[in-house]
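The values are calculated or read from the model by the stated rules, or taken from the named source; none is laboratory data. All of these numbers come straight from a predicted model, not from anything done at the bench. Cβ coordinates were reconstructed from backbone atoms using ideal geometry, including for glycine residues, and neighbour counts include every protein chain displayed. Quick note on the areas: whole protein, heavy atoms, side chains included, nothing else; ligands and nucleic acids left out. Shrake-Rupley method; radii C 1.70, N 1.55, O 1.52, S 1.80 Å.
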Amino acid sequence: MSGLLLRGVEAGYGGLPVISALDLAVPAGTAAAVLGVNGAGKTTLLRAISGLIAARGTISFDGTDLIGRAPEAIARQGIAHVPEGRGNFTGFSVEENLLIGAAAAPRDEIAERMATVFSLFPTLADRRRQIAGTMSGGEQQMLAIGRGLMMRPRLLMLDEPSFGLAPRIVAALVEALALVRARDGLSLLLVEQNLLALRGLVGEVHVLAGGRVVLSAPPEDPAVGEVLRAAYLGG
């Protein structure tokens with residue numbers, strides 16, 4: 001299958017599994033969200049895909065097996081991971097952060113890639129010399145996404161991109177992601193709590209509970225809300 005495919009994946013910490021028997025697919029060019037309560041395994045899932053923790057089972061991207069590969073090798077396969085907390089280099093400028101994202105890019109493409117990020121997020125262009133740690137939360141999230149896009153990935157994974165942000169900032173981020181997806185055919189996998197913000201961006205949501213996917217459905221499917229309510233209420 002072209003895109004991301006997980007079958008029977010198990011991963012965790014200290015020998016204790018957080019996710020197990022997990023199946024999930026993100027076909028090329030599509031956008032999907034992973035929902036669930038805290039501790040359901042959402043962040044662990046993204047870390048397993050990007051090679052930050054060991055995993056067993058099948059994780060493949062465009063037919064290439066990712067199990068056992070180093071994070072750098074997985075990034076070179078075309079997967080960019082924007083972690084929870086954004087992962088910016090807060091003592092560096094906006095421009096320096098973006099250059100770090102383009103570390104593996106051909107030198108003659110860097111200026112064009114940066115111009116593309118600035119066209120998506122004009123605020124970053126205005127603050128290109130500003131130290132990242134002095135910016136607002138929304139601006140830092142724009143920078144984190146921009147840094148990921150500097151890699152020219154085929155799959156962008158975002159962990160809680162809307163956390164702590166005002167609704168208008170979330171709407172701007174979603175609009176930018178939708179634009180990139182439509183223009184470049186970028187695949188998206190987002191870990192989120194804010195399902196309403198994602199409607200119109202993602203075509204499928206995967207609900208995690210107990211370390212595995214218990215429901216995959218379009219975001220407007222009433223079953224999604226029912227399963228999430230049961231999870232949050234302990235049903």
Net lengthening on full extension, SER136/ARG107 (0.36 nm per residue, minus Cα-Cα):
7.4 nm
Using a Förster distance of 22 Å, how high is the FRET efficiency between LEU196 and ASN38, based on the Cβ-Cβ distance and rounded to 0.05?
0.70
How much of the calculated P(r) for the range 116-235 lies past 18 Å, in percent of all Cα pairs?
55 percent
Apply 1/(1 + (r/R0)^6) to the Cβ-Cβ distance of PHE89 and ALA28, taking R0 = 30 Å, and write down the FRET efficiency to the nearest 0.05.
0.45
Net charge of Cβ neighbours under 13 Å - reference ALA231; Lys, Arg +1; Asp, Glu -1:
+2
Taking the full set of protein chains and a 1.4 angstrom probe, give the accessible area of VAL214 in square angstrom, rounded to the nearest 10.
80 Å²
Where q = 0.27, 0.31 Å⁻¹, what log10 of I(q)/I(0) comes from the Debye formula for the range 171-214, counting one point per Cα?
-1.04, -1.23
Report, to two decimal places, the Cα Rg of the range 73-168 normalised by 2.2 N^0.38 Å (N = number of residues).
1.00
Relative to the Cα centre, what is the charge dipole magnitude of the chain, using +1 at the beta carbon of each Lys and Arg, -1 at the beta carbon of each Asp and Glu, and rounding to the nearest 20 debye?
240 debye
State whether the range 32-113 is rounded, prolate or oblate according to the following rule on the C-alpha gyration tensor (a ≥ b ≥ c being the square roots of its eigenvalues): a/c under 1.5 gives rounded; otherwise a/b larger than b/c gives prolate, and the remaining case gives oblate.
oblate
Where does each of PHE118, PHE61 land when they are ordered by accessible area, with a 1.4 Å probe and the largest first?
PHE118, PHE61
With the convex hull built on the Cα atoms of the chain, state its orientation-averaged projected area in nm².
12.5 nm²
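Taking 8 Å as the Cα distance limit and 6 or more residues as the minimum spacing, I'd like the relative contact order of the chain as a percentage. Can you show the working numbers first?
On the way: 448 pairs, mean separation 63.5, N = 235.
Once divided by the residue count of the chain, the mean separation gives 27 percent.
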Under 11 Å, Cβ to Cβ, from LEU143 - net charge with Lys/Arg +1 and Asp/Glu -1
+1
In the range 128-231, what GluC sites (Glu not before Pro) fall in a loop by DSSP, with at most 12 other Cβ atoms inside 10 Å?
GLU220
If one compares the long axis through the Cα atoms of helix 167-184 with the longest principal axis of the Cα atoms of the chain, the angle in degrees, nearest 10, works out at 90 degrees
Helix 110-120 versus the longest principal axis of the chain: what angle, 0 to 90°, nearest 10, using Cα atoms?
70 degrees
Crossing angle, helix 222-233 versus the chain [Cα axis fit, 0-90 degrees, rounded to tens]
80 degrees
